[in-house]
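Beneath this line is the structure, given in structure tokens, with notes to follow.
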Amino acid sequence: ATMQTDFDESVEQVNVIPQDIGRVLLNLITNAFYAVNERKTASGDAEFKPTVSVVTKKLKKSVEISVKDNGNGIPKHILNKIFQPFFTTKPTGEGTGLGLSMSYDIVKAHGGELKVTTKEKIGTTFRIELPTN
């Protein structure tokens with residue numbers, strides 16, 4: 001898989017607990033690599049290029065961090081469950097279902113928001129928005 005980055009140089013320091021936000025980013029990136037690997041394995045398409053990108057952007061009163069993948073996307077029927085504790089789409093023994101739930105809680109505790117957009121067979125983007133004030 002390829003990892004692409006695009007970091008906005010104008011982003012200033014944000015008041016966060018680095019270990020907590022690091023845990024959120026690690027979880028989102030790990031999930032993204034899992035998703036692109038699943039698509040690659042399931043499709044058998046030699047032309048498919050698994051890609052994960054991390055982008056930062058300065059907004060008016062916040063900073064946005066996006067983690068995007070070109071995996072299979074999240075099916076609509078489970079989209080409203082992904083931030084619930086213990087919900088997982090991974091096979092037994094591969095996921096606890098706590099990653100996205102904890103990530104959501106950590107971002108909320110920092111006064112931010114964690115949002116998701118997804119299209120089946122296209123990919124998923126998680127956006128973290130953290131206040132700069």
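The values are calculated or read from the model by the stated rules, or taken from the named source; none is laboratory data. Since the structure is predicted, the reported quantities are computational estimates derived from the model, not experimental observations. All Cβ positions, glycine included, derive from the backbone under ideal geometry; neighbour counts span all protein chains shown. Protein only, heavy atoms only, side chains kept; ligands, DNA and RNA dropped before computing areas. Shrake-Rupley method; radii C 1.70, N 1.55, O 1.52, S 1.80 Å.
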Item to check | Subset of segment 8-54 (residues that are under 11 Å from the mean Cα position of the chain (by Cα) and under 19 Å from residue 110 (Cα atoms)) | outcome: 24, 25, 26, 27, 28
Item to check | Sole residue being among the polar types (S, T, N, Q) and in contact with a Lys or Arg (Cβ under 7 Å, 6 or more places away or on another chain), chosen from 53, 43, 62 | outcome: 53
Checklist outcome for this item: Among (1) closer than 14 Å to residue 125 by Cβ; (2) free of Cβ contacts under 8 Å to residues at least 24 places away in the same chain, residue 64 falls short only on (2)
Item to check | Checking residue 23 against (1) open to solvent by 80 Å² or more (accessible area, probe 1.4 Å); (2) out of contact with any helix residue (DSSP H, G or I) (no Cβ under 9 Å at 6 or more places or on another chain), the condition it does not meet | outcome: (2)
Checklist entry - For segment 1-20, how many residues are within 20 Å of residue 99 (Cα to Cα), open to solvent by 60 Å² or more (accessible area, probe 1.4 Å) and not aliphatic (A, V, I, L, M)? => result 2
Checklist entry - Taking segment 84-110 as the region of interest, how many residues are open to solvent by less than 50 Å² (accessible area, probe 1.4 Å) and either of a type in the set (Phe, Trp, Tyr) or modelled with pLDDT of 95 or more (or both)? => result 4
Checklist entry - Looking at residue 24, is it outside any helix (DSSP H, G or I) and in contact (Cβ under 8 Å) with a residue 24 or more places away in the chain? => result no
Checklist outcome for this item: How many residues of segment 10-41 are among the acidic types (Asp, Glu) and at pLDDT 95 or above? The answer is 1
Checklist entry - When residue 41 is evaluated against the numbered criteria (1) in contact (Cβ under 8 Å) with a residue 12 or more places away in the chain; (2) hydroxyl-bearing (Ser, Thr, Tyr); (3) within 20 Å of residue 89 (Cα to Cα), which criterion, by number, is the only one it fails? => result (1)
Checklist entry - So which residues in segment 42-72 are of a type outside the set (Gly, Ala, Ser), open to solvent by less than 50 Å² (accessible area, probe 1.4 Å) and at pLDDT 95 or above? => result 50, 51, 52, 54, 55, 56, 63, 64, 65, 67, 69, 70
